[in-house]
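One structure is given below, encoded as structure tokens.
Since every read-out is calculated from the coordinates, none of them should be taken as a lab result. Keep in mind that this is a model prediction, so the values were computed, not measured. Using ideal geometry, Cβ is built from the backbone for each residue, glycine included, and neighbour counts are taken over all protein chains shown.
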Amino acid sequence: MTDEQKKTYPVIPAKHWWTLRERFKQSIPGNITPRLLATVLGMQEKSARSNIIPSLVMMGIIDQEGKPTERATRWRDDLEYPEVCREIRSELYPQELLDAAPGPTVDRPAVERWFAATTGLGTVAVNRCAVVYELLTTATLPQKRERSPRPAKPKSAVTRKAKSSISDEPAIRQEEALASLAIAPSIHIDIQVHISPDAKPDQIDQIFASMAKYLRRRND
């Protein structure tokens, strides 16, 4: 094999990549050990020691002693993240691969074929190499979430009804008052007239004439 074929590349699963980055966002540990990685990533210490730590060293996120570097601080920052990934990508991969898969999208099968042809690794390892290359190539600035204007709350039927009732109340009261004036209460009066049996007919006629005259005047 040539020197290029003997070269190794980072192999970090995407799930571990994002989990570790979120952990660094909370606070950067003073020292990255296999046990810490096993705890944070839910993996075996042996796998963390043989895969994750060497990959972090290759990318310059930690040094040989496991101490996080200045790049680790930039790597966890959303605004710095795309530039850090670009730096790592240009440092670790040959121009041939960069030209074959420049991004921002990545043809994964083509990238896997390149790693298989140049490293002699098996399918699983080739896939892991391609995952890291794709993560570094597709890194972009986080999208700013713009606050959409809150839609105006529709006026409920109850509210509209209440407002309508309030505004129409004076008119309703006026109508009720007019109706009460127009419709006067009816009064029924029974009149009993006691006439003496000795009364003469002309006297009786005069009594009823007076009553009729009086009642007609009151009604007018």
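Here are a few things to note about the model shown:
- ILE12 touching a residue at least 60 places away in the same chain (Cβ under 8 Å) and under 20 Å from ARG128 (Cβ atoms): yes
To keep it simple, each residue is scored yes or no on (1) free of Cβ contacts under 8 Å to residues at least 60 places away in the same chain; (2) in a loop (DSSP other than H, G, I, E, B); (3) within 15 Å of TRP75 (Cα to Cα); (4) of a type outside the set (Val, Ile, Thr).
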residue: HIS16; (1), (2), (3), (4): yes, no, yes, yes
residue: GLY30; (1), (2), (3), (4): yes, yes, no, yes
residue: ARG35; (1), (2), (3), (4): yes, no, no, yes
residue: ALA48; (1), (2), (3), (4): yes, no, no, yes
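- Residue match in region 38-45 (condition: part of a helix (DSSP H, G or I), aliphatic (A, V, I, L, M), surrounded by 17 or more Cβ atoms within 10 Å (Cβ to Cβ) and in contact with a strand residue (DSSP E or B) (Cβ under 9 Å, 6 or more places away or on another chain)): no
- Qualifying residues in region 56-75 (those that are among the polar types (S, T, N, Q) and out of contact with any Gly (no Cβ under 7 Å at 6 or more places or on another chain)) - the one nearest to THR8 (Cα to Cα): GLN64
- Put simply, of ARG21, ARG86 the only residue that is farther than 30 Å from ALA117 by Cβ and part of a helix (DSSP H, G or I) is ARG21.
- Summed over region 33-83, residues that are of a type in the set (A, V, I, L, M, F, W, C) and over 17 Å from ARG23 (Cβ atoms) total 3.
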